[in-house]
Amino acid sequence: MKPVKELSAALQARLAPPDGQVDMKRGGSDYSKLRSIIRSQKDQIQGLENEVAHFQSRQHRIDDGHRLELARLKKEVEYHKRLRQAADQRSYELEDQLSRWRQHQQVAAQRESHDDEKDSLILQSQLLISKNSELTTKVKRLESQVTQLEELKAALENELNQAYFERDEMASELERVLSRQVRHRNPSVELEVEAEEDEGDEGGPESGGDGTLPAVNDDALERHPVAELRG
């Protein structure tokens, strides 16, 4: 603070005597009083100026503190803004991840459903293949049985034909034997038969002209049932 070098006009008027006359002699009492008053006023002014300087300094410190606090608050606001922006960005990222995860879950569920359907189709295919194999084996077995039955049928037909042939041969042989026996017991019949044989070849060697057996008596037919053998 600058020292006070001279009094202002207002202060001089305030300190001047009422009649406006001042004794400028050094030895006068008024001058001493005036100097005392001036010193007292200077001290008061100096005290006031010191107090003002103190309050100004305090105000400066307060203002500096306010500026620092304001700067700190601004920094804190910026920091919280950045935190909010980071939180919003993180929230967007999490929402995006959640959306992708849900899509992934849906795809996985669809894939699992497709896998289940595929497994079911594979199982059904395997069952069909197994049944087809069983049916193929059964068909082959039936075909083998049919072949065996056909072979057995052919063999039975051959045996039946052979039996028919043997039956016919046996019937013919029995007819010949019967004819000889009849001729042996009835010479007249034998002579008639020989005469008929000499007449022509229309019938068989042991038959009549019409191809039938010669007439025999009832006893011979009862002993030799040729009709039953031929049937």
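The values are calculated or read from the model by the stated rules, or taken from the named source; none is laboratory data. Since the structure is predicted, the reported quantities are computational estimates derived from the model, not experimental observations. When we count neighbours, we look across all protein chains shown, and the Cβ atoms used for this are built from the backbone with ideal geometry, even at glycine.
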- Task: Sort through 76, 117 and tell me the only one that's at pLDDT 90 or above and of a type in the set (Asp, Glu).
- Result: 76
- Determine if region 187-209 includes at least one residue that is surrounded by 13 or more Cβ atoms within 10 Å (Cβ to Cβ) and modelled with pLDDT of 90 or more. no
